[in-house]
1. Do the sum for the chain: with -39,500 (n - 2.57) for every DSSP H run of n ≥ 4, divided by all residues, what is the mean residue ellipticity at 222 nm, to the nearest 500 deg cm²/dmol?
2. Across the stretch 3-68, how large is the tail of the calculated P(r) beyond 15 Å, expressed as a percent of all Cα pairs?
3. Once both axes come from the Cα atoms, what is the angle between helix 3-17 and the longest principal axis of the chain, in degrees from 0 to 90, rounded to 10?
4. For the chain, compute Rh as the Kirkwood radius over C-alpha pairs and then the Stokes-Einstein diffusion coefficient at 10 °C and 1.306 mPa s; write the answer in µm²/s, rounded to an integer.
5. Over all distinct alpha-carbon pairs, what is the Kirkwood Rh of the stretch 138-226 in angstrom?
6. Determine the distance separating the Cα centre of the stretch 143-211 from the Cα centre of the stretch 106-127; give it in Å without decimals.
7. Using +1 on the beta carbon of Lys and Arg, -1 on that of Asp and Glu, and nothing else charged, what's the dipole of the stretch 138-226 about the Cα centre, debye to 20?
8. Report, in degrees rounded to the nearest 10, the 0 to 90 angle that the Cα long axis of helix 35-47 makes with the longest principal axis of the chain.
Amino acid sequence: MNRTDRLYALVEELRASAPRAKTAHQLSQRFEVSVRTIERDLSALQQSGVPIWATPGPGGGYTLDPSMTLPPLNFTADEATAIAVALAVSGAIPFADAARGALRKVVAAMSTTSREGARDLVGRIRLLQREGELARTPVVRAVETAVLRRQVLELDYVDRDGNRTERRLVEPFGFSGTGDQWYLMGWCRLRRGGRTFRLDRIQTARVTEEPAPERTLHEVAGERADWMRRPELE
């Protein structure tokens with residue numbers, strides 16, 4: 001069993017035994033590897049967001065929160081490949097790290113046959129474009145955090161004419177953009193209105209402790225909101 005298959009099997013083993021905990025020793029015997037290898041695997045799963053809890057002491061071990069996981073998903077090779085291609089051609093996007101993490105979870109949830117089929121299919125696709133990537137800078141991560149948590153941002157920003165404003169308070173709404181150019185949409189307290197801020201012109205960004213008030217898309221984007229297209233989850 002290779003490591004990818006073992007990681008998937010580990011999750012299923014813990015799911016099947018939940019809420020009972022299993023020790024690293026029990027798991028190492030089950031998968032015929034060392035305790036150290038099991039502990040490394042469990043740590044990797046925890047870092048990728050799998051809700052595995054460790055309880056120390058006698059009677060302790062590792063357990064999985066079943067309410068926070070999905071049962072095995074029957075993704076086909078072409079479905080997983082379509083997700084991978086969509087991410088690859090989307091260029092630089094906000095939450096890119098989360099997107100890659102989601103794809104890894106999709107692949108981990110597939111059967112061995114489907115997973116190998118997807119790898120074969122992906123290997124026969126080539127993109128006729130340069131690879132785009134939104135730089136994972138502290139500014140981008142701070143803006144993503146503020147949008148996700150709905151917290152006010154404090155920005156140092158340089159506009160297209162080179163004018164710099166410092167400690168500008170912005171109530172973040174979300175992102176707009178395409179390809180390599182992305183903007184933060186929000187309510188600017190300095191200008192008392194909706195504004196967009198190009199991410200590569202934000203010099204510094206700090207997430208404050210203040211919750212951002214609820215705003216509508218029309219408040220922050222005006223008439224542009226009428227022709228903006230949103231991604232769908234259905």
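1. -12000 deg cm²/dmol
2. Above the 15 Å cut-off, the stretch 3-68 has 44 percent of its Cα pairs.
3. 80
4. 76
5. It works out to 12.8 Å.
6. First find each Cα centre; the distance between them is then 38 Å.
7. The calculation lands at about 160 debye.
8. Its long axis makes an angle of about 30 degrees.
No lab work stands behind these numbers, since they all come straight from the coordinates. No experiment lies behind these values; they were computed from the predicted model shown. A quick note on method: Cβ atoms are made from the backbone with ideal geometry, for glycine too, and the neighbour counts reach across all protein chains shown.
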